[in-house]
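See below for the structure under consideration.
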Amino acid sequence: MDGGSNAPVESTLSCARCGKPANLQCPKCVELRLPRESAAFCTQDCFKESWSSHKSVHLKLKLSRLAASTPDEQISAALSNGWLYCLKKGQTRTSKLPHFDWTGTLRPYPISSRRVVPASVEKPDWAIDIAREVLDAAARVIQPGVTTDEIDDVVHEATIAAGGYPSPLNYYFFPKSCCTSVNEVICHGIPDARKLEDGDIVNVDVTVYYKGVHGDLNETYFVGNVDEASKHLVQCTYECLAKAISIVKPGVRFREVGEVINRHASMSGLSVVKSYCGHGIGELFHCAPNIPHYGRNKAVGVMKAGQTFTIEPMINAGVWRDRSWPDGWTAVTADGKRSAQFEHTLLVTETGVEVLTARLPTSPNVYPWLNP
Ligand code: MF3
Ligand code: CO
Ligand code: CO
């Protein structure tokens, strides 16, 4: 959480938490132009104490603004959904028409590329935005002594407060609302009663379903003071994902993703997990294409504008080989050494890539390498 802004407000306002005269305003509320009464706090402490409940105000406002969008905006949203649907089926409107029992003489014609809206305009708050906010909320509570079940509770509550469904919950009977993968866990760790310990690393993987689409992302966090080898592992994994994203654009083969990741990991003395891959995502949680993160893979297909998929490399300090716990979910390294992961949901654009789950200015500042 960022601190409350120090801009003075009229003293007639009272603190949203304790009712005392309020001198601070929530910067996010100011940015969203929310009424000053809902945004005032007396002290940084009151602001911080209120944050976990207060922040739902921001999401609710964004959602109500989306619901109030004009018919034009709703049509353009519907059109872009249709575009994604066509491309997902391996069709483009510029090439030959798909098989369909056309009912009349009308046929679809090419649709021009998406029109650009300046970055300064706030975008509709869909599954992706919610997923990022939810992951950031989870990251803010991570510290020694917190259980992974408590992290799952934050993820669950933040997701439903935003009107979303936590996609992992009951997915192939997965029992919780997110995955928490500690130390040697590669992925799909089940949140449980274990308290995080000083020196642990923990990946939190959040997927949110909202208005018919899924948004999927994860990050690996440091718990208290972590040894140098773990810092190296986590930073290198972050870089593997960044390097992979940097090659994404129309015409690039999916199999190239693994080459880039493998090169950086092996150069850094680390290994790449083979059993779990990036995936297509949209109306479905997991769909084609399958995107391996290791080198010399046989992934089929070429990237096309409009496709949405994840890249989510899992990088190991020791051997690449994985094993599964008897719970049927938890994937661990075969040698018990640590594993890290980062994941983004991506959109291929006409010119390159948009990282739909990108970090926000408000995302917790937990990676030293991102500071200038
Ligand atoms: N979020 C994971 C991914 O990145 C999938 C989790 S499936 C679950 O694809 F069932 F374990 F939640
Ligand atoms: Co994923
Ligand atoms: Co995920």
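The values are calculated or read from the model by the stated rules, or taken from the named source; none is laboratory data. What you are looking at is a predicted structure, and each value in this text was computed from that prediction instead of being measured. When we count neighbours, we look across all protein chains shown, and the Cβ atoms used for this are built from the backbone with ideal geometry, even at glycine. Accessible surface areas use protein heavy atoms only, side chains included; no ligands, DNA or RNA. Shrake-Rupley method; radii C 1.70, N 1.55, O 1.52, S 1.80 Å.
With a 10 Å radius around each residue's Cβ, average the other Cβ atoms per peptide and rank 16-29, 213-226, highest first.
Ranked by mean Cβ neighbours within 10 Å, highest first: 213-226, 16-29.
Using the Cβ atoms and a cut-off under 13 Å, what net charge is assigned to the surroundings of I201, where Lys and Arg are +1 and Asp and Glu are -1? Working shown, then result.
Working: positive: K231, K337, R338; negative: E184, E197, D198, D200, E219, D227, E228.
It works out to a net charge of -4.
Within 10 Å, count the other beta carbons around each residue, average over each peptide in 280-286, 349-355, 201-207, and list them highest first.
Values: 280-286: 17.6, 349-355: 15.1, 201-207: 26.9.
Output ranking for 280-286, 349-355, 201-207: 201-207, 280-286, 349-355.
Would you please put 167-173, 229-235, 313-319 in order of how densely packed they are, using the mean number of other Cβ atoms within 10 angstrom per residue and starting with the highest? Please report the intermediate quantities before stating the final value.
Numbers: 167-173: 15.7, 229-235: 18.4, 313-319: 23.9.
Peptide ranking by packing, descending: 313-319, 229-235, 167-173.
Distance between Cα centroids, the stretch 152-209 to the stretch 339-365: provide it in whole Å.
The two parts, judged by their Cα centres, are 19 Å apart.
On average over all directions, what projected area in square nanometres does the stretch 202-307 have, based on the convex hull of its Cα atoms?
Mean projected area of the Cα convex hull: 7.5 nm².
Order W51, W102 by their accessible area, 1.4 angstrom probe, all chains in place, largest first.
Working: W51 40, W102 75 Å².
In descending accessible area the options line up as W102, W51.
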